[in-house]
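Some notes on the structure that comes next.
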Amino acid sequence: MRNRYSLSELVKTTYSLALTKILFSNARLIRRPIYIRGRSSIVGANGLTTGRLCRFDLDGHKKTLYIGDNCEIGDYVHIVALNRVQIGDNLLAASKVFISDTSHGNYKGVNISDHDSPPNSRDLVKGETYIGHNVWIGENSVILAGSKIGDGCVIGANSVISKEIPPHSIVVGCNEVVRQY
């Protein structure tokens, strides 16, 4: 049995496809609505497909988000790239994934942020986040600043990544490598 669009979905997708070809000529399909702050910071994104209601918060003054070829991201994906987020080719990211290179405050090492100050008034601490080629990120996962995910990894649903994950690993929970193949 073939999955078919309803008439309203066909109209919405056709509209999104037309706007994609006008505004993002290298992308495959950017579904609407989408929120992009700092669009000039995006590099690559050839063959990119996004779901609905994605949000990209980018620097806007320099290149900060590097997206490889043929990446597919689901609905409600939020990417913050104020310094550098690099995504390899063929990423498959499910819905409600959060990827960031930025934190409100410093919580490691010296010069720890004041926990009694409002989080929004703390300095933004920017790092780098790297996601390799052929990575699959499950629903509701969070990829934090300073993370490095190797090629061929599978990040299980609801996982939190905050460190380096070796290539060809399966990760569940909080940085818990359960299998490396």
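Each reported figure results from applying straightforward, stated rules to the coordinates on display, with no laboratory input. Note that the structure is predicted; figures quoted are calculated from it, not measured. Heads up, the Cβs are rebuilt from the backbone with ideal geometry, glycines too, and the neighbour counts pull from every protein chain shown.
Averaging sequence separations of C-alpha pairs under 8 Å and six or more residues apart, then dividing by the length of the chain, give the relative contact order as a whole percent.
Values: 504 pairs, mean separation 22.3, N = 181.
That works out to 12 percent.
Please arrange Asp89, Asp123 by counting, for each residue, the other beta carbons lying within 10 Å of its beta carbon, fewest first. Please report the intermediate quantities before stating the final value.
Numbers: Asp89 17, Asp123 11.
Ascending Cβ contact count within 10 Å gives the list Asp123, Asp89.
Helix-only estimate, please: 222 nm mean residue ellipticity of the chain, summing -39500 (n - 2.57) across DSSP H runs of length 4 or more and dividing by its residues, to the nearest 500.
On the way: 1 runs with 17 residues, N = 181.
When only DSSP H runs of four or more count, the value is -3000 deg cm²/dmol.
Any chance you could run the full-extension gain for Ile112 through Asn158? It's 0.36 nm times the residue separation minus the Cα-Cα distance, nm to one decimal.
Working: separation 46, 0.36 × 46 = 16.56 nm, distance 2.74 nm.
In short, 13.8 nm is gained.
As a quick test, which of the pairs Lys96/Lys148; Lys108/Lys148; Lys21/Lys163; Lys21/Lys126; Lys12/Lys148 have an alpha carbon distance above 28 angstrom in this structure? Spell out each step's value before the answer.
Details: Lys96/Lys148 20 Å; Lys108/Lys148 17 Å; Lys21/Lys163 37 Å; Lys21/Lys126 33 Å; Lys12/Lys148 36 Å.
Beyond 28 Å between Cα atoms: Lys21/Lys163; Lys21/Lys126; Lys12/Lys148.
Work out from phi, with θ = phi - 60° and the Karplus expression 6.51 cos²θ - 1.76 cosθ + 1.60, the ³J(HN,Hα) of each residue of the stretch 20-29, listed in order in whole Hz, and give x for Gly and Pro.
4, 5, 7, 9, 9, 4, 7, 7, 7, 7
Could you work out how far apart the two model spin labels at Ser25 and Ser8 are, taking each label as a point 7 Å from the Cα in the direction of the beta carbon, and quote it in nm?
A separation of 3.5 nm, rounded to one decimal place.
So I have [x] 1.00; [y] 0.96; [z] 0.94, and one of them is Rg/Rh (Cα atoms, Kirkwood Rh) calculated from this model. Which one is it?
The calculated read-out lines up with [x].
For Glu176, Glu139, what ranking results if the residue with the fewest other Cβ atoms within 10 Å of its Cβ goes first? If you can, show how the numbers build up before the last one.
Numbers: Glu176 13, Glu139 16.
The most exposed by this proxy come first: Glu176, Glu139.
Can you list residues from other chains, or at least 5 along the same chain, whose modelled amide H is less than 5 Å from the amide H of Thr102?
It is Gly127, Ala145, by chain and number.
Quick one: length gained pulling Arg32 to Trp136 fully straight, 0.36 nm per residue minus the C-alpha distance? Intermediate results must be reported in sequence, preceding the final value.
Details: separation 104, 0.36 × 104 = 37.44 nm, distance 2.29 nm.
Result: 35.1 nm gained on full extension.
Among DSSP beta bridges lying fully in the chain, give the percent that are antiparallel, nearest 5. Could the numbers behind the result be given before it?
Numbers: 7 of 49 bridges.
Of all bridge pairs located within the chain, approximately 15 percent are antiparallel.
Which loop trypsin sites (Lys or Arg not before Pro) in the stretch 93-127, with loop taken from DSSP, have no more than 11 other Cβ atoms within 10 angstrom of their Cβ?
Values: sites: Lys96, Lys108, Arg122, Lys126; in loops: Lys96, Lys108, Arg122.
Passing both the DSSP loop test and the Cβ count: Lys108.
Count charges around Cys153 for me, please; just the other residues with Cβ under 12 Å from its Cβ, Lys/Arg as +1, Asp/Glu as -1.
On the way: positive: Lys148, Arg179; negative: Asp151, Glu164.
Here the charged neighbours net out to 0.
Do you know the relative contact order of the stretch 21-90, to the nearest whole percent, from alpha carbon pairs under 8 angstrom that are 6+ apart? Intermediate results must be reported in sequence, preceding the final value.
Details: 178 pairs, mean separation 20.9, N = 70.
30 percent.
Below 8 Å, C-alpha to C-alpha, sequence gap of six or more: please give me the relative contact order for the stretch 55-111 in percent. Kindly include the intermediate steps, with their values, before the conclusion.
Values: 100 pairs, mean separation 20.1, N = 57.
It comes to 35 percent, rounded to a whole number.
When a/c reaches 1.5 or more, the comparison of a/b and b/c decides; with that in mind, is the stretch 136-181 rounded, prolate or oblate per its Cα gyration tensor?
oblate
What spacing in nm lies between the two simple spin-label points modelled at Val177 and Asn70, each 7 Å away from Cα in the Cβ direction?
So the label points at Val177 and Asn70 sit 2.7 nm apart.
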